[in-house]
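The values are calculated or read from the model by the stated rules, or taken from the named source; none is laboratory data. This structure is a prediction, so every number in the text was calculated from the model and none was measured. Note that we place each Cβ from the backbone using ideal geometry, even for glycine, and neighbour counts take in every protein chain shown. Note: areas computed on protein heavy atoms with side chains; ligands, DNA, RNA excluded. Shrake-Rupley method; radii C 1.70, N 1.55, O 1.52, S 1.80 Å.
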Amino acid sequence: MLKLILSSSLHHRLPQAVVPPLRTAASPLNSLSRGGRLFFCSGSGDGADSEAKSNVSDSASDGAEETLSKASSAIVSTNPRPEDYLSVLALPLSHRPLFPGFYMPIYVKDSKLLKALQESRDRQAPYAGAFLLKDEPGTDPSVVTGSDSEKNVFDLKGKELLSRLHEVGTLAQISSIHGDQVILIGHRRLRITEMVSEDPLTVKVDHLKDKAYNKDDDVLKATSSEVISTLRDVLKTSSLWRDHVQTYTKHIGDFTYPRLADFGAAISGANKLQCQQVLEELDVYNRLKLTLELVKKEMEISKIQESIAKAIEEKISGEQRRYLLNEQLKAIKKELGVETDDKTALTGKFKERIEPKREKCPPHVLQVIDEELTKLQLLEASSSEFSVTRNYLDWLTALPWGEYSDENFDVTRAQKILDEDHYGLKDVKERILEFIAVGKLRGTSQGKIICLSGPPGVGKTSIGRSIARALNRKFFRFSVGGLADVAEIKGHRRTYIGAMPGKMVQCLKNVGTANPLVLIDEIDKLGRGHAGDPASALLELLDPEQNANFLDHYLDVPIDLSKVLFVCTANVVEMIPNPLLDRMEVVSIAGYITDEKMHIARDYLEKTTREACGIKPEQVEVTDAALLALIENYCREAGVRNLQKHVEKVYRKIALQLVRQRERIDATVGENTTQKENSALESSKPEQLGETSEEDDRVQIDVPANQSPCTDNQSTDKEVAKESEEEIETKTIEKVLIDKSNLADYVGKPVFHADRIYNQTPTGVVMGLAWTAMGGSTLYIETTLVEEGEGKGALHVTGQLGDVMKESSQIAHTVARAILMEKDPENTFFANSKLHLHVPAGATPKDGPSAGCTMTTSLLSLAMKKPVKKDLAMTGEVTLTGKILPIGGVKEKTIAARRSEIKTIVFPSANRRDFDELAPNVKEGLDVHFVDDYMQIFDLAFGDEQSKNIEK
């Protein structure tokens, strides 16, 4: 049986994992011998056979005393014998049960129990009972948790500990005690019968013997052979067990069936409950079957282990091979002089890159570069610090230190470029020309921060490109809309994985100059997240007093951004943080009126779109009426982005129409050409070849001498082709005409209708002027009577109004009552009427302090039962005393009034200057009145237009 297990090669020795290694030099197992045979320990084994081997004679014991005194004192005299111990100390085991014939070290934390074990050993009675501890109720033994139950094993005492112990355990000899470590050697099975004492726990035990079995039983032999065969297979795949087999057989002697079962279970990786089941089984056959199941499972685990090891070994060997080949390749290239090593090549590249800039580069930057180059030479190429230093040097040497593009200070050229790209925008163009003029007088230009504010689609971003072209500066754009990470502006620290510089450093590297034009888009839409406040980080970038020494977290060296021209864009200036707004010079772009949109569509959008669609100017004509209808009924926004989309839509449909016409003409001409060719072939018969007309003679004279005589057919083909071309020219594609009548066929039904709901405003209805982020618009304020009765005066407002407009309605109600009391003291309309004030388009939120005078006029119109005058619109906030406060968005509101064909507008007196600054074409044809008291509006809306109170 031993030969079967050891038939596989046992010369490989690996560290033991399951069973602690048995000491062979100082081991007590080597000190006991009888008749040339070594025994593991007294009483270890099964039945009568093990008992016979365990009884050591007195003479043998006396002869061994001298040897034992010299060797380890792990095993002492077995007189009295182990089976004579009927009460033993109970030792709880946490992980696995102790099998007969095996060592097990345990740690005893209970000082009283440790003292009792030491006393037992000193009394020449070195035996105790080792019993496996049951799992806590409700826990899964297969699940590993982070609990510290092992530390609390020896906290259990008395009956509580007894209830947690398995009944069947092992009589264990106390081999040695070192501090709190106790080495146990298993001898035979025990069963607890009752408790003797509680602290330390002492129990009465019965010594268990294996049930009798027939050694010659075929089934038993076959089972044991299968166990041995499986063990042998495991030994082939796992060398972990080989030392166990060698050491165990050296000290235990020959295998028997019970020992074979115990050995297989003890060294398997089964859990403690399965091992305890083997320990409790006294039937040798059943025990062998349980062990066979465990070693079979171990065999499967060994196969999985072998496959995993093989896969990892192949991966590692492949990487090692690749590494060796790369090293050999480097050595070969170095010997041949083909290529230098990586560090030398990198250092040379960085030095070559910085050399042209060395004179212009700041001294502190040169110092950092030289230090990093020295550091790079000392680092290993495989270290992580090497890659960090390499990337850092790559950025440092790539930046344009002291390199500036030559600016063009020609004001006339700049004016021409700005006019080519954009129509109108006088304020913006004037500011850029001022900047160029100052730069020309000084001989150099300084960086500025200009903020272009206005509705979407008015050309804020595109004008940034035009400014860069006019100044001959490099252009870089990045959007900060929704930006919530400060590292996007200031960069990451170099210690972070994947660290990169901020957007400004990336800009300088991309453009290659230190004085570009940087367009920061959507600066009013900055976010704020857990990674800091980008608006505060932008202060250092956009502050002229700070950006001369801008410090990026990644580069960690100051960068001069004082020559950079920053152009920011925003839709709503109020959304920009005040400290950031304070650093900017705001230039407002209110939007375009209809005339300006017509010019833009004709001179810019239509031309660009026509070229993009491949359409020639003579193939299409879009009338002014069609463009005007497109602007007023489809593209009423302040900007022209939507107008551009509609123009593109029109020209795409025109392109499809032209292509379809061309295909139809080609098909028609092809049929005609085929018919003419057939008729020409029929007319040129052989008998008619001799009869030629004068034209034929002329053709034949022109034919070269070396050409074949049958040229008539060729001349006929040429004539047919010529006639086909003439026919195509005569049947040219019809010119596409886009007029107001057929515009809907190209862009669909009109989106907008007239803002004017009423041709003549009824009683209680007044038109107001409003400002939105999309530009200006007109809106009606309507008031009607709901209920009338004594003391029922109240006001109800609707139309999704904000808090400011709700307060304005209450103020307007109070002012209207006061004015009505003054004008008509006997009129009790407001005191006895429940009124409903509504602002149409209820799905659109409305708020702002500019609707007070409009609401007051609407209430008074209803109370006096007099409609306001036709074509009148007003804006302004009213106080409780009737004063009119200034408003914003004068240009947008004026454009909205013109769009609705309003002739008379009322503005607060404080806004006179804003109106005077408007372009003449915006103010043309408007009758504007500036008021500072509501009574002037009252006289204008309900009285004589020539009233003296009206200031024009």
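Observations on the structure shown:
- The conditions of being open to solvent by 10 Å² or more (accessible area, probe 1.4 Å), over 16 Å from Phe930 (Cα atoms) and in contact (Cβ under 8 Å) with a residue 24 or more places away in the chain are not met by Lys883.
- Contact map, segment 343-358: first residue free of Cβ contacts under 8 Å to residues at least 12 places away in the same chain and more than 13 Å from Ala398 (Cβ to Cβ), second residue open to solvent by less than 40 Å² (accessible area, probe 1.4 Å) and in a helix (DSSP H, G or I), Cβ cut-off under 7 Å, separation 6 or more or different chains; pairs are Arg358/Leu366.
- Scanning segment 510-524 for residues that are in contact with a strand residue (DSSP E or B) (Cβ under 8 Å, 6 or more places away or on another chain) and either under 20 Å from Ile450 (Cα atoms) or hydrophobic (A, V, I, L, M, F, W, C) (or both) turns up Val511, Asn515, Pro516, Leu517, Val518, Leu519, Ile520, Asp521, Glu522, Ile523, Asp524.
- Under the condition of being in a strand (DSSP E or B) and open to solvent by 10 Å² or more (accessible area, probe 1.4 Å), the residues counted in segment 190-214 number 11.
- Test: Met504 is under 24 Å from Pro455 (Cα atoms) and modelled with pLDDT of 85 or more: no
- Some residue of segment 452-467 being without any contact (Cβ under 8 Å) to a residue 24 or more places away in the chain, among the β-branched types (Val, Ile, Thr) and over 24 Å from Gln546 (Cβ atoms): no
- Only one entry of Leu581, Leu627, Leu656 meets the criterion of being touching a residue at least 40 places away in the same chain (Cβ under 8 Å) and aliphatic (A, V, I, L, M), and that entry is Leu581.
- Criterion (over 23 Å from Met598 (Cα atoms) and at pLDDT below 85) met by exactly one of Asn921, Asn949: Asn949
- Per the conditions (1) touching an Asp or Glu at 6+ places or on another chain (Cβ under 8 Å); (2) surrounded by fewer than 21 Cβ atoms within 10 Å (Cβ to Cβ); (3) among the hydrophobic types (A, V, I, L, M, F, W, C); (4) part of a helix (DSSP H, G or I), the sole criterion not satisfied by Phe930 is (4).
- Pairs, first over 17 Å from Gly348 (Cβ atoms) and in a loop (DSSP other than H, G, I, E, B) in segment 378-392, second open to solvent by less than 90 Å² (accessible area, probe 1.4 Å) and not basic (Lys, Arg), C-beta under 9 Å, six or more apart: Glu380/Phe386
- Residue selected from segment 508-566 under the condition touching a helix residue (DSSP H, G or I) at 6+ places or on another chain (Cβ under 8 Å) and among the polar types (S, T, N, Q), by the criterion surrounded by the most Cβ atoms within 10 Å (Cβ to Cβ): Asn547
- Of all positions in segment 435-445, at least one carries a residue that is part of a loop (DSSP other than H, G, I, E, B), touching a helix residue (DSSP H, G or I) at 6+ places or on another chain (Cβ under 9 Å) and either polar (S, T, N, Q) or open to solvent by less than 40 Å² (accessible area, probe 1.4 Å) (or both).
- Some residue of segment 166-175 being out of contact with any His (no Cβ under 7 Å at 6 or more places or on another chain), more than 29 Å from Pro258 (Cα to Cα) and surrounded by fewer than 19 Cβ atoms within 10 Å (Cβ to Cβ): no
- Qualifying residue in segment 219-227 (condition: in contact with a Gly (Cβ under 9 Å, 6 or more places away or on another chain), of a type in the set (Val, Ile, Thr) and either surrounded by fewer than 21 Cβ atoms within 10 Å (Cβ to Cβ) or at pLDDT 80 or above (or both)): yes
- Filter pass, Ala381 being touching a Lys or Arg at 6+ places or on another chain (Cβ under 8 Å), open to solvent by less than 40 Å² (accessible area, probe 1.4 Å) and not basic (Lys, Arg): no
- The sole residue among Trp395, Trp401 that is under 20 Å from Leu555 (Cα atoms), among the aromatic types (Phe, Trp, Tyr), at pLDDT 85 or above and not in a helix (DSSP H, G or I) is Trp401.
- Test: Leu483 is within 25 Å of the chain's Cα centre (by Cα), open to solvent by 10 Å² or more (accessible area, probe 1.4 Å) and of a type in the set (A, V, I, L, M, F, W, C): yes
- Filter result (under 21 Å from Tyr758 (Cα atoms), among the polar types (S, T, N, Q) and not in a helix (DSSP H, G or I)) within segment 843-899: Thr844, Thr875
- Ser405 being within 23 Å of Val511 (Cα to Cα), surrounded by 12 or more Cβ atoms within 10 Å (Cβ to Cβ) and of a type in the set (Gly, Ala, Ser): yes
- Of all the residues in segment 744-770, those that are modelled with pLDDT under 80 and either outside any loop (DSSP other than H, G, I, E, B) or closer than 19 Å to Ile593 by Cα (or both) number 6.
- When residues in segment 538-578 are screened for being without any contact (Cβ under 8 Å) to a residue 24 or more places away in the chain and over 31 Å from the mean Cα position of the chain (by Cα), 4 of them pass.
- Of all the criteria given as (1) modelled with pLDDT of 85 or more; (2) within 32 Å of the chain's Cα centre (by Cα), the one not satisfied by His530 is (1).
- Restricting attention to segment 567-589, the residues being open to solvent by less than 20 Å² (accessible area, probe 1.4 Å) and of a type in the set (Gly, Ala, Ser) number 1.
- Answer residue from segment 125-181, given it is under 58 Å from the mean Cα position of the chain (by Cα) and aromatic (Phe, Trp, Tyr) and is modelled with the lowest pLDDT among those: Phe154
- Residues that are part of a helix (DSSP H, G or I) and farther than 23 Å from Asp939 by Cα were ranked within segment 900-925; the one that is most open to solvent (accessible area, probe 1.4 Å) is Arg913.
- Out of Lys649, Lys653, Lys645, sole residue that is part of a helix (DSSP H, G or I), of a type in the set (D, E, K, R), at pLDDT 85 or above and closer than 24 Å to Thr772 by Cα: Lys645
- Matching residues in segment 825-862 - criterion: being over 16 Å from Ser777 (Cβ atoms) and open to solvent by 10 Å² or more (accessible area, probe 1.4 Å): Pro825, Glu826, Asn827, Thr828, Phe829, Ala831, Asn832, Lys834, His836, His838, Pro849, Leu862
- Contact map, segment 852-877: first residue free of Cβ contacts under 8 Å to residues at least 40 places away in the same chain and more than 17 Å from Leu795 (Cα to Cα), second residue among the hydroxyl-bearing types (Ser, Thr, Tyr) and open to solvent by 10 Å² or more (accessible area, probe 1.4 Å), Cβ cut-off under 9 Å, separation 6 or more or different chains; pairs are Asp871/Thr904.
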